[in-house]
Amino acid sequence: MRKMEPQHDSKWAKFHPVWDGFYTFLFTPGETTKRGSHIRDGIDLKRTMFMVVTALIPCLLFGIYNTGHWHMVPTGEAGAYMDHFGDKLIYGLIQVMPIVIVSYAVGLGVEFIFCIKNKHAIQEGFLVSGMLIPLIIPADTPLWMVAFATIFAVVLGKEVFGGTGMNIVNIALTARAFLFFGYPTMMSGDKVWMSGLSDTPKDQLTDGFSGATPLGELASFVGPKADWALQSGEAFAAKWPIMDSFWGFIPGSVGETSVAAILIGAALLLYTGIASWRIMLSFVAGGFVVGLLANLGFDNPYYQMEAVNHLVIGGFAFGAVFMITDPVTAAQTNTGKFIYGFLGGGLAICVRVYNGAYPEGVMMAILFMNVMAPMIDHYVVGANIKRRNKRLKPKAA
Amino acid sequence: MSRTIKLRKGLDIKLIGEADKVKSNAERSSVFAVKPPDFHGLVPKMAVKVGDKVQAGSVIFANKYKEDVKFASPVSGEIAEIVRGEKRRILAVTIKADAENSYADLGGIDTAGASAADIKAKMLASGLWPFIKMRPIDIVANPDDEPKAIFISAFDSAPLAPDYDFVLHGENEAFQAGLNALATLTKGQVHLTMRGTSNPDAVFTGAKGVQQNKISGKHPVGNVGTQIHHIDPVNKGEVVWTVNAQDVAIIGRVLTSGKFDTSKVIAVTGSEVKSPKYIKTQIGTSMADVLTDNVKEGNVRHISGNVLSGEKVELDGFLGYYDSHVTVIPEGDEPKFMLTKGWMGPGIGKFSINRSYFNWLMPNKKYALDTNLNGEVRNFVVTGEMEKVFPFDIYPMHLTKAVMYNDIDLMENLGIYEVAPEDFALCEFVCTSKVNIQETIREGLDVIYEECM
């Protein structure tokens with residue numbers, strides 16, 4: 001491998017970052033410390049990113065199977081959740097794996113191009129983003145859209161700011177936001193959440209079938225205007241038991257449905273100390289508190305959803321574990337992390353409850369908090385500075 | 001009024017190769033050296049030429065911009081070489097030593113009754129001044145300053161660090177004499193800070209005329225910077241002085257006897273040392289003599305100081321002026337395949353503050369860490385890891401970034417006056433992005449020194 005290293009004067013010199021990327025992937029280089037701390041912690045960015053990708057695997061596996069399951073539901077062939085295990089798995093694989101491959105191939109391609117152009121080493125940030133993107137979009141998203149969104153997110157979300165570690169908003173969410181606003185029909189409504197549904201002829205569907213996610217469907221339960229909110233809340237609870245939402249037996253984006261799978265990932269991230277427990281905890285607390293407060297109102301069915309149900313449904317859990325905790329876009333101070341997470345969680349439920357037209361508020365809330373994070377830090381650091389200046393003053397006086 | 005402080009943040013790195021508690025005499029080096037780069041920022045003005053005869057205590061160079069501050073030869077002999085580096089910068093002055101030291105007569109005084117002016121003049125004239133360092137900036141103290149306090153740490157908490165209780169045992173008189181001298185130099189307190197969880201030697205507990213503090217916790221609890229921050233922090237415009245515990249004894253000894261006797265006990269440690277032990281030697285001794293027949297075969301790195309903030313020296317190099325510690329660890333310049341020893345491997349033999357490798361299963365295991373970076377230099381990505389090992393009310397990452405973009409106001413506001421590079425050693429160790437933080441902080445301090453002091 002060393003022999004293939006492009007020399008500075010050879011015609012391949014500008015591809016050195018690419019060589020370097022592959023070489024350092026295979027081998028931790030023999031580079032040693034020069035001075036200062038002569039020994040270094042065993043961890044590096046590759047290991048960190050690798051742990052996050054590992055933590056995402058339960059979500060991916062579950063998402064693949066869930067995609068297969070909901071493909072069969074509209075036509076009534078699905079049966080119980082574990083029936084037709086092989087068929088569902090194969091369908092899910094065929095549907096989801098291409099998205100993963102396209103996301104990685106396109107994203108890494110863009111990274112390589114920028115690294116060659118800027119003569120940077122290839123940094124590992126996209127290892128995680130490339131896995132996150134497929135997990136937060138519907139399984140039916142056309143591959144060209146995935147590619148397009150990935151390019152948009154990597155170029156405008158990250159590279160224009162200087163690459164890994166410099167971005168202001170979360171890359172994966174940037175991709176999703178791009179799809180959401182660019183191709184709203186593919187990212188919301190009642191046609192996209194069950195793979196293959198839009199191609200299924202109407203007459204093959206079972207009677208009274210709706211393809212919406214539970215969250216989307218909640219708004220469409222009808223009843224007498226006066227207690228619309230209360231009644232649809234009950235109807236909702238009957239159709240989508242909270243435990244189904246917890247285990248993930250509901251339609252939705254590929255990786256976001258199963259809180260159980262997400263919790264496995266969360267356990268890994270928290271135990272290894274890679275994700276911030278401060279953010280995760282305060283995000284969930286924020287969502288729970290706002291969920292409780294919302295129960296006081298009656299304006300639409302979302303007000304009456306149980307606070308706990310808010311936490312297990314839709315993208316909330318996934319956002320809490322994998323999205324809001326992204327260290328680059330989150331607040332950097334420990335105090336700031338609590339504030340950041342709490343506001344993020346609260347805001348996500350706010351959007352969900354008070355804006356009935358758009359029940360999936362997690363993406364918006366997190367993107368908004370990404371932008372706000374430096375401001376939170378600014379005030380937290382400012383408090384530290386004030387404390388230091390105060391120490392000086394009594395002496396001066 | 002003594003203080004007791006407990007710290008929660010920090011990290012003890014357990015390494016193989018702790019020194020056995022036996023003192024032996026090193027073979028006397030034939031060559032000694034005083035290295036101007038040990039005194040950061042110093043521009044030396046030479047007082048001797050190659051071939052000159054010197055005695056122990058003769059001045060060999062002075063600070064060009066502060067000629068009061070003189071640096072003396074630790075041994076008697078003949079100036080062998082003035083080693084120069086780039087731009088003719090003087091890297092070392094080597095002295096070919098006589099078999100026996102002959103001392104220049106500096107005239108002994110009784111430190112207990114002496115006046116501040118006497119002590120100061122004596123210390124400056126006899127080359128003792130460089131033992132005093134100042135915060136902020138962490139350089140040799142400026143004799144014109146009025147320090148608000150003087151801090152001495154009675155223990156070293158760095159990995160494999162020498163045990164001062166053992167090293168200074170029985171040096172009560174010299175140590176007390178040194179404290180007396182230092183006490184005259186400040187209007188404030190002399191703080192002697194001991195480890196709260198152990199029973200310090202009588203040389204410390206019996207010290208008079210000082211404020212005795214106790215502090216407990218993990219490394220960097222023994223760093224004098226940590227202690228200053230928690231006892232009497234440095235604000236803008238203030239100065240405190242710091243002295244190493246062994247150097248206090250040297251100051252005391254030299255002032256009372258009038259002989260420039262810089263013998264000290266150093267710990268020879270590390271996983272690549274055959275029999276780690278304590279050795280009695282002198283400042284400026286050559287590494288080869290300290291390590292004679294005591295280093296294992298193979299590609300190793302010799303460090304004067306501890307593994308976190310020491311200086312890399314070759315085997316034909318010399319012990320650093322302030323160091324009482326030599327560490328030898330394996331070089332890690334071999335590429336590591338990802339699945340076995342690299343980033344995807346199980347990480348046996350790797351130490352990490354995170355639990356992403358399995359080292360957390362063995363909390364008491366001792367490690368033989370090498371000098372591999374264990375990764376490549378990256379932009380900052382992970383946050384919060386430095387705070388875990390940085391027991392200051394300072395935001396380490398924000399301060400480091402402020403230095404990187406050279407914002408002097410922000411550096412001041414974030415507390416650069418309180419820190420020295422060594423305080424950031426653990427931050428550098430844990431940094432996932434492998435940024436050289438100590439070097440960065442030193443650059444920041446240089447800027448501050450130039451612009452604000």
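Would you point out which residue out of B:Arg378, B:Arg355 is surrounded by 20 or more Cβ atoms within 10 Å (Cβ to Cβ), at the interface with chain A (Cβ under 9 Å from one of its Cβ atoms) and assigned to a loop (DSSP other than H, G, I, E, B)?
Values: B:Arg355 fails: surrounded by 20 or more Cβ atoms within 10 Å (Cβ to Cβ).
Testing whether each residue is surrounded by 20 or more Cβ atoms within 10 Å (Cβ to Cβ), at the interface with chain A (Cβ under 9 Å from one of its Cβ atoms) and assigned to a loop (DSSP other than H, G, I, E, B) leaves just B:Arg378.
If we keep just the residues of segment B:342-352 that are facing chain A (nearest Cβ under 7 Å) and farther than 15 Å from B:Asp12 by Cα, which is surrounded by the most Cβ atoms within 10 Å (Cβ to Cβ)? I'd like the intermediate steps shown before the answer.
In the first step, residues of segment B:342-352 are kept if they are facing chain A (nearest Cβ under 7 Å); the result is B:342-344, B:347, B:350-352.
Of the ones still in play, those that are also farther than 15 Å from B:Asp12 by Cα are B:342-344, B:347.
On the way: B:Gly342: 22, B:Trp343: 29, B:Met344: 16, B:Gly347: 19.
Looking at residues that are facing chain A (nearest Cβ under 7 Å) and farther than 15 Å from B:Asp12 by Cα, I get B:Trp343.
Consider B:Val210 against the criteria (1) out of contact with any strand residue (DSSP E or B) (no Cβ under 6 Å at 6 or more places or on another chain); (2) under 22 Å from B:Ile5 (Cβ atoms): it satisfies all of them except one. Which criterion is unmet?
(1)
Restricting to segment A:306-327, and then to whatever is outside any helix (DSSP H, G or I) and at pLDDT 80 or above, can you tell me which residue is nearest to the other protein chains (Cβ to nearest Cβ)? Show your work before the answer.
At the first step, the residues of segment A:306-327 found to be outside any helix (DSSP H, G or I) are A:306, A:313-315, A:324-327.
Then keep just the ones that are at pLDDT 80 or above; that gives A:313, A:315, A:324-327.
Values: A:Ile313: 30, A:Gly315: 24, A:Ile324: 13, A:Thr325: 10, A:Asp326: 9, A:Pro327: 5 Å.
Per the criteria, the residue is A:Pro327.
Take the conditions more than 30 Å from A:Asp140 (Cβ to Cβ), assigned to a loop (DSSP other than H, G, I, E, B) and either free of Cβ contacts under 8 Å to residues at least 12 places away in the same chain or away from chain B (no Cβ under 14 Å) (or both) and apply them to A:Leu296. Does it pass?
Working: more than 30 Å from A:Asp140 (Cβ to Cβ): yes; assigned to a loop (DSSP other than H, G, I, E, B): yes; either free of Cβ contacts under 8 Å to residues at least 12 places away in the same chain or away from chain B (no Cβ under 14 Å) (or both): yes.
Judged against the criteria, A:Leu296 is a match.
How many of the residues in segment B:279-312 are in a loop (DSSP other than H, G, I, E, B), within 14 Å of chain A (Cβ to nearest Cβ) and in contact (Cβ under 8 Å) with a residue 40 or more places away in the chain?
Within segment B:279-312, residues that are in a loop (DSSP other than H, G, I, E, B), within 14 Å of chain A (Cβ to nearest Cβ) and in contact (Cβ under 8 Å) with a residue 40 or more places away in the chain number 4.
A quick yes/no check of all residues on (1) under 14 Å from B:Ala125 (Cα atoms); (2) among the charged types (D, E, K, R):
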{"residue": "B:Phe39", "(1), (2)": "no, no"}
{"residue": "B:Gln55", "(1), (2)": "no, no"}
{"residue": "B:Ala72", "(1), (2)": "yes, no"}
{"residue": "B:Ser76", "(1), (2)": "no, no"}
{"residue": "B:Glu86", "(1), (2)": "no, yes"}
{"residue": "B:Thr94", "(1), (2)": "no, no"}
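Please verify whether segment A:42-49 includes one or more residues that are under 18 Å from A:Ile133 (Cβ atoms) and not small (Gly, Ala, Ser).
Our first condition is that a residue be under 18 Å from A:Ile133 (Cβ atoms); within segment A:42-49, this holds for A:49.
In the following step, the residues that additionally are not small (Gly, Ala, Ser) were identified as A:49.
Yes, some residue in segment A:42-49 is under 18 Å from A:Ile133 (Cβ atoms) and not small (Gly, Ala, Ser).
Restricting attention to segment B:358-372, and to residues there that are buried (at least 20 other Cβ atoms within 10 Å of the Cβ) and part of a loop (DSSP other than H, G, I, E, B), which single residue is farthest from the other protein chains (Cβ to nearest Cβ)?
B:Asp370
Return the total of residues in segment A:147-176 being assigned to a helix (DSSP H, G or I), within 14 Å of another protein chain (Cβ to nearest Cβ) and crowded, with 24+ Cβ neighbours inside 10 Å. Quick ask: steps written out before the conclusion?
Taking segment A:147-176 as the starting set, the residues that turn out to be assigned to a helix (DSSP H, G or I) are A:147-161, A:171-176.
From what's left, within 14 Å of another protein chain (Cβ to nearest Cβ): A:158-159, A:161, A:171.
From what's left, crowded, with 24+ Cβ neighbours inside 10 Å: A:158, A:171.
Of the residues in that region, 2 qualify.
Select, from A:Asp326, A:Asp377, the only residue that is among the acidic types (Asp, Glu) and surrounded by fewer than 24 Cβ atoms within 10 Å (Cβ to Cβ). Can you show your working first?
Working: A:Asp326 fails: surrounded by fewer than 24 Cβ atoms within 10 Å (Cβ to Cβ).
Residue meeting the stated conditions: A:Asp377.
Where in segment B:394-453 are there helices (runs of 4 or more DSSP H), lying fully within it, with 3 or more residues that are under 22 Å from the mean Cα position of the chain (by Cα), surrounded by fewer than 19 Cβ atoms within 10 Å (Cβ to Cβ) and assigned by TED's automatic domain parsing to the domain that holds B:Val381?
Numbers: elements: B:396-404, B:408-414, B:425-430, B:437-452.
Hits in segment B:394-453: B:437-452.
Please go through segment B:250-291 and pick out each residue that is acidic (Asp, Glu) and crowded, with 24+ Cβ neighbours inside 10 Å.
Going residue by residue through segment B:250-291, those that are acidic (Asp, Glu) are B:261, B:272, B:289.
Selection gives B:Glu272 alone.
Applying the selection to segment B:404-426, what residues are more than 17 Å from B:Asn235 (Cα to Cα) and within 9 Å of another protein chain (Cβ to nearest Cβ)?
B:Pro421, B:Phe424, B:Ala425, B:Leu426
Enumerate the helices (runs of 4 or more DSSP H) found wholly within segment B:199-278, keeping only those where 2 or more residues are in contact (Cβ under 8 Å) with a residue 12 or more places away in the chain and closer than 30 Å to B:Ala104 by Cβ. Full working, then the answer.
Values: elements: B:202-205, B:224-231, B:245-257.
In segment B:199-278, the matching helices (runs of 4 or more DSSP H) lie at B:245-257.
Find the residue count for segment A:331-356, including only residues that are more than 14 Å from every other protein chain (Cβ to nearest Cβ), in a helix (DSSP H, G or I) and closer than 29 Å to A:Ser188 by Cβ. Spell out the reasoning first.
The first filter runs over segment A:331-356 and keeps only residues more than 14 Å from every other protein chain (Cβ to nearest Cβ), leaving A:339, A:342-356.
Add one more test, that the residue is in a helix (DSSP H, G or I), and what stays is A:339, A:342-354.
Now restrict to residues that are closer than 29 Å to A:Ser188 by Cβ: A:342-354.
Number of matching residues: 13.
Suppose we keep only residues that are crowded, with 23+ Cβ neighbours inside 10 Å and in a loop (DSSP other than H, G, I, E, B) within segment A:261-284. Which one would you say is farthest from the other protein chains (Cβ to nearest Cβ)?
A:Ala275
crowded, with 16+ Cβ neighbours inside 10 Å, of a type in the set (A, V, I, L, M) and more than 28 Å from A:Asp20 (Cβ to Cβ): is that true of A:Leu143 in this structure?
Details: crowded, with 16+ Cβ neighbours inside 10 Å: no; of a type in the set (A, V, I, L, M): yes; more than 28 Å from A:Asp20 (Cβ to Cβ): yes.
For A:Leu143, the condition - crowded, with 16+ Cβ neighbours inside 10 Å, of a type in the set (A, V, I, L, M) and more than 28 Å from A:Asp20 (Cβ to Cβ) - is not met.
The values are calculated or read from the model by the stated rules, or taken from the named source; none is laboratory data. A quick note: this is a predicted structure, and the numbers were derived from the prediction, not measured. Glycine gets a Cβ as well: all are built from the backbone with ideal geometry, and neighbour counts include every protein chain shown.
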